[in-house]
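Colleague: Could you have a look at this structure, given as structure tokens, before my questions?
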Amino acid sequence: MRALLWRLLWGTAFRIWSPGFHTSGSIPSDPVIFAANHASHADTAAIQLALARAGHTRVLAAGAEDYFFRNRIFALLSRLIGVFPFPRTGPVGVIRSRDILGRGGSVLLFPQGTRNGGPFRRGVARIAGTSHAVVPVTIRGTARLLPKGEHRPRRTTVSVVFGAALRRAPGEGAAAFTARIEEAVLGVDDRAVAA
């Protein structure tokens, strides 16, 4: 059901607004954490469409609880498209993410925490621990497609690149693992993204 919804909803939108929509990289079938850069509300839709096309739909995306779940209508729509509430502070988001992983699902996180960018937060490393792999995801073009503060999309090319899965090494601290994830997400060569 979710795959069909993503293909119909996001597939139609990207055919109109990003006819050159492109994905690359391999997507593991095991429960993993997808960690992506964040510049637009279109980021989640782009990744969900890429995952649906690859047949990987047991993924819930973290959405800021104070924004996406601020009233019953927003909460219903968010849950319908596969978003779960993730508070901006405190341990609840980590607990919810681990619960999803424990039930065999995957989670999509935006470690920057905001569309303004900025350094990656350590929550993704804490969620992963030593048990779960983190798949770096690099998105390009969504900031032009749907800039922050805008409500009308603009036609542009969007690319989603799935990198090689990363695992936390024995004895590796959260800060060091977070830095590796950030480098894997933001350090993708622009020529590879455009290919």
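Colleague: Would you calculate the separation in nanometres between label points at Leu186 and Arg70, each defined as 7 Å from the Cα along the Cα-to-beta-carbon direction?
Modeller: The two pseudo-label positions are separated by 2.7 nm.
Colleague: Ok, one more. Using only alpha carbon positions, build the gyration tensor of segment 114-171, then give the equivalent ellipsoid semi-axes as the square roots of 5 times its eigenvalues, largest first, whole angstrom. Could the numbers behind the result be given before it?
Modeller: Values: eigenvalues 182, 40, 10 Å².
Each semi-axis is √(5λ); the values are 30, 14, 7 Å.
Colleague: Let me ask you something else. Give me the dipole magnitude in Debye, nearest 20, for segment 9-134 about the Cα centre, with unit charges on the beta carbon: positive for Lys and Arg, negative for Asp and Glu.
Modeller: Details: 14 positive and 5 negative charges, 36 e Å.
Roughly 180 debye, rounded to the nearest 20.
Colleague: Taking every DSSP beta bridge that has both residues in the chain, what percent is antiparallel when rounded to the nearest 5?
Modeller: So the antiparallel bridges amount to about 25 percent of the total.
Colleague: What are the residues whose amide H is under 5 Å from the amide H of Leu108, where those residues sit 5 or more places off or on another chain and H is modelled from the backbone?
Modeller: Phe34, Leu60, Ala61, Ala62
Colleague: For the chain, with a Gaussian network of springs between Cα atoms less than 10 Å apart, report the residue from Ile139, Ile16, Ile47 with the top mean-square fluctuation.
Modeller: Ile16
Colleague: Another one. Which three numbers, in whole Å and largest first, are the semi-axes of the equivalent ellipsoid of segment 1-60 derived from its Cα gyration tensor as √(5λ)?
Modeller: Whole-Å semi-axes of the equivalent ellipsoid: 18, 14, 11.
Colleague: Let me ask another. Between Arg167 and Asn116, what is 0.36 nm times their sequence separation minus the Cα-Cα distance? Round to one decimal in nm. Don't skip to the answer; put the middle values down first.
Modeller: Values: separation 51, 0.36 × 51 = 18.36 nm, distance 2.69 nm.
Contour length minus Cα-Cα distance gives 15.7 nm.
Colleague: Which Rg and Dmax, in Å, describe the Cα atoms of the chain?
Modeller: Cα radius of gyration and Dmax of the chain are 15.6, 48 Å respectively.
Where a number appears in this text, it was derived from the coordinates with a stated rule and is not lab data. Note that the structure is a prediction, hence the values are computed from the model and not measured. Neighbour counts run over all protein chains shown; Cβ positions are idealised from the backbone, glycine included.
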